[in-house]
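Before any comments, here is the structure.
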Amino acid sequence: PLRRQRQMCIRDSLFSGQLLTGLEIERVIWDSSLPLSDFSNLVKIKEGDTYSAKNIRRTVKLLYATKLFEQVIVSKSKTSSGNLEITIKGVPQLFISDVTISGNRSLSDYRIKLATGIRLNSPHYTHELEKIREEILFLYRDNGFFNSKVSVGTEIEGDNRVSINIHVFEGNQEKIKKIVLSGNISVSELKKLRFELN
């Protein structure tokens, strides 16, 4: 899915590339918190060059290859002189530096981290926050905490580090005290059903 997402970003930014052939690139704007000086040799789009879809694709692929960007989007607009202004937006790839969990009295930090797949120094994608929250809710509800609530937030530290803050409101744990089976059912089916319920 991530590979498809990256390819779509390239296609979306080049949707009318053939109409731009021959136009001069007047300005190249670098829009990222990461410094351009660290990637200038990878940017194959230069001011004064003729527009080239091939160079844009190459630039996007080279920037992704560094594994320091979660997303790279190249957009274009015409300047007042009729030439092109190219903007390269690079969203830094964040890596998890710390995970803090609060409010969990019944389930350990280890169980919560295991359920969500969170690991220190692994890449973090912003669109996964809701998935993390849902996995924790499922874990709690699977353990009888049907009124639990979970909030997940992030705090960016530096250019590419992020800490994840998870707060849990557990609520009361509910336990099944008795199961009553009624209706017509054979003895063998009844035994099987009781086994499964246990």
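The values are calculated or read from the model by the stated rules, or taken from the named source; none is laboratory data. Bear in mind the structure is a predicted one, so any value in this text is a computation, not a measurement. For neighbour counting, all protein chains shown are included, and Cβ atoms are generated from backbone atoms with ideal geometry for every residue, glycine included. Please note that ligands, DNA and RNA were not included when accessible areas were found on the heavy atoms of the full protein model with its side chains. Shrake-Rupley method; radii C 1.70, N 1.55, O 1.52, S 1.80 Å.
Things worth noting here:
- Degrees, to the nearest 10: 2-13 long Cα axis against longest axis of the chain: 40 degrees
- Centroid-to-centroid separation of the stretch 70-100 and the stretch 170-189 [C-alpha atoms, Å]: 56 Å
- Per residue value of the accessible surface for the chain (all protein chains in place, 1.4 Å probe), Å²: 65 Å²
- Estimated FRET transfer efficiency (R194, E174; beta-carbon r; R0 22 Å; 0.05): 0.55
- Of the two radii for the stretch 101-198, the radius of gyration is 1.19 times the Kirkwood radius, both from the alpha carbons; that is the Rg over Rh value.
- Cα-derived Rg over Rh, computed across the chain with Rh taken as Kirkwood radius: 1.24
- C-alpha long axis of helix 53-65 to longest principal axis of the chain, angle in °: 40 degrees
- Between T50 and S80, the FRET efficiency estimated from the beta carbon spacing at R0 = 30 angstrom works out to 0.95.
- For the chain, the longest principal axis of the C-alpha atoms and the axis of helix 187-197 are separated by about 50°.
- Sparse-neighbour loop sites [trypsin sites (Lys or Arg not before Pro); the stretch 123-198; at most 13 other C-beta within 10 Å; DSSP]: K175, K177, K178
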